[in-house]
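Accompanying notes for the structure given below.
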Amino acid sequence: MRNHNLYILLLAITLISCGEKNPMNSTVKHRGALMNLMSGNLEATASLDSLETLPHLYALGALEHLEGEIQIFDGTSYVSKTGADQHVNIMSDFNHKAALLVYAQVEQWNNEIALESFNDHKNLEKQIKDHAIQKGVDITQPFPFLIKGTVSNLNWHVIQWPAGDMVHSHKKHRESGAHGVLENEEVEILGFYSEKHKAVFTHHTTFLHMHFKTENKSIIAGHVDGVTGENLTLYLPQL
């Protein structure tokens, strides 16, 4: 009888384990590539609803046909599109398709890491790399990070690409939809660092790709074109 009960217990554990859906996976994954967007291929490469049940999902990217920006913070969607009068409309559903998507699952972030003041991407990039090495992060592989606090300046855009325009440039991407500058604004920035994915999910001049959302009631979310700040806090995945 004891062996029989043990068998039943082991069988139950096995069935439960097999029945678990969407286990945690902190590996950075991506669909689509920036180089394809710049060549005019704006078709969907992923459906957000296929990722909706992934626990602790963090993602950023661009909607199909470059009709908006994708931001997902800990499973909450902040898809942004340009509306009338350059107003940014935020949608909290997953009923969207992406031309470019970068994502990972992060169950826990490490303790706060104070960033020194910075005034360009290169300085921020170096600080993120240095702190990642100190925390034991494998920088030969892409990894996500968060930055929280009040930025001095943050240049942003929410792309709205004109249908039929086949001539792409970073400048036109930044100016095609709503765009602006935040000053002394509290934000949360989601970014991905990679030294191997230039023109794939980071631009050719940087190892970083970052999106943001504001922390006030009038939420704006979109792509980070540039950011400066002091007294900001960095978070890296807990190993």
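General remarks:
- Built amide H within the under 5 Å cut-off of ALA199, gap 5+: HIS204
- Estimated FRET transfer efficiency when R0 is 30 angstrom, pair GLN238-ALA84 (beta carbons, to 0.05): 0.10
- Listed by Cβ neighbour count within 10 Å, with the fewest neighbours leading, ILE90, ILE219, ILE128 appear as ILE219, ILE90, ILE128.
- Top positive-direction residue, dipole computed over the stretch 62-129 with Cβ charges, set GLN108, MET91, PHE118: PHE118
- Karplus 3J(HN,Hα) series, Hz, for the stretch 62-74 with 6.51 cos²θ - 1.76 cosθ + 1.60 (x for Gly, Pro): 10, 5, 4, 6, 6, 9, x, 10, 10, 9, 10, 10, 6
- Segment THR53-GLU195, extension gain: residue separation times 0.36 nm, minus the distance between their alpha carbons: 48.2 nm
- With the Kirkwood sum run over all distinct C-alpha pairs, the stretch 140-239 has a hydrodynamic radius of 14.6 Å.
- Residues whose amide H lies under 5 Å from that of GLY226, counting only those 5 or more places away or on a different chain, are ASN155; hydrogens are built 1.01 Å from N in the peptide plane.
- Exposure proxy ranking, count of Cβ atoms within 10 Å, fewest first, for PHE201, PHE192: PHE201, PHE192
- Amide H contacts under 5 Å for VAL88: GLY83, restricted to partners 5 or more places along the chain or on a different chain, H placed in the peptide plane at 1.01 Å from N.
- Treating r as the C-beta distance of ASP120 and SER26 and R0 as 25 Å, the FRET efficiency rounds to 0.30.
- Between GLU112 and GLU215, the modelled labels are 0.9 nm apart [label points 7 Å from Cα along Cα→Cβ].
- Fully extending the segment from MET91 to LYS171, taken as 0.36 nm per residue of separation minus the present Cα-Cα distance, adds 26.2 nm.
- Derived scalar couplings ³J(HN,Hα) [the stretch 180-191; Karplus, 6.51 cos²θ - 1.76 cosθ + 1.60; whole Hz; x for Gly, Pro]: x, 10, 8, 10, 6, 10, 7, 9, 10, 10, 9, x
Read-outs: derived from the displayed coordinates by stated rules, not from any lab. All values derive from a computational prediction rather than experimental measurement. Don't worry about glycine lacking a Cβ; one is built from the backbone with ideal geometry, like all the others, and counts go over all protein chains shown.
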